[in-house]
1. Considering only region 1-25, how many residues are among the acidic types (Asp, Glu) and at pLDDT below 75?
2. For region 51-67, give me each residue that is of a type outside the set (A, V, I, L, M) and buried (at least 18 other Cβ atoms within 10 Å of the Cβ).
3. Name the single residue, out of those in region 83-97 being of a type outside the set (A, V, I, L, M) and surrounded by fewer than 14 Cβ atoms within 10 Å (Cβ to Cβ), that is nearest to the chain's Cα centre (by Cα).
4. Just name the residue that is nearest to Asp57 (Cα to Cα) out of those in region 156-199 that are modelled with pLDDT under 70 and of a type in the set (Asp, Glu).
5. Among the listed residues Val159, Val172, identify the single one that is surrounded by fewer than 12 Cβ atoms within 10 Å (Cβ to Cβ) and within 29 Å of Arg46 (Cβ to Cβ).
6. Being in a helix (DSSP H, G or I) and under 20 Å from the mean Cα position of the chain (by Cα) narrows it down to one of Ala64, Ala71, so name that one.
7. Tell me which residues, restricted to region 112-141, are of a type in the set (S, T, N, Q), in a helix (DSSP H, G or I) and closer than 15 Å to Thr10 by Cβ.
Amino acid sequence: MENCPPTNKTYFEDVLLPAHSLTLDVATKYDHHPEYDDEEDLWFWRFTICGGRLRSDDARTILAHSMNLLAKLLTHEDKVICRRQELAPDEDPYVYFDQWVESLRSIIKASENKDYCFWISGDESDYEFLKDWREKSLLPKDNPSYEAPPHIKDQISKVASAAKKLAKAERVFEARQNKKRKKGKVAQKEANTPLEPSR
């Protein structure tokens, strides 16, 4: 099927992105520029995994990756289109390129003057879910209805998990050190104990 776009709609904040925004990870994989960035590739791969799953990130991170990729696409337009044509000869590469550019420009505009941004792919109910969570994230943190953005909740969870692992490691380490100290004291006591005179 020619130019088969994803069936889900992708919402970034309050912007409905073009269908091929969910293939932005593909745009990072072309060898059309020498400044290939693994971190950028990974970020856009995660960006596209949002089907029915609310995502969020720091706006500065979003802006940096989106601006960098857009600059590369605009700089290497002919090579990108040519490469896309080689990889998918039955599809119109200009449709992909135009929607990638439009998506990135929309993402950049929506991220300006924000601390963090939300996005999700799905239907109208998913968009309502995005708006509801976003409203809760703007409440005071001591409000019972407050919900941290997903990326912050993930960070909190990772720190909590790391803290548990560290606490366990500290206990094991201390027990091992105590055992060593105990052995050392026994050895020292034996060394300091005078030998009984032979009869």
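1. The total comes to 1.
2. Arg55, Ser56, Asp57, His65, Ser66
3. Filtering first and then ranking leaves Tyr94.
4. That would be Glu190.
5. Unique residue meeting the criteria: Val159.
6. Exactly one residue qualifies, and that residue is Ala64.
7. Across region 112-141, the qualifying residue is only Ser125.
The values are calculated or read from the model by the stated rules, or taken from the named source; none is laboratory data. Source: prediction; values computed, not measured. Using ideal geometry, Cβ is built from the backbone for each residue, glycine included, and neighbour counts are taken over all protein chains shown.
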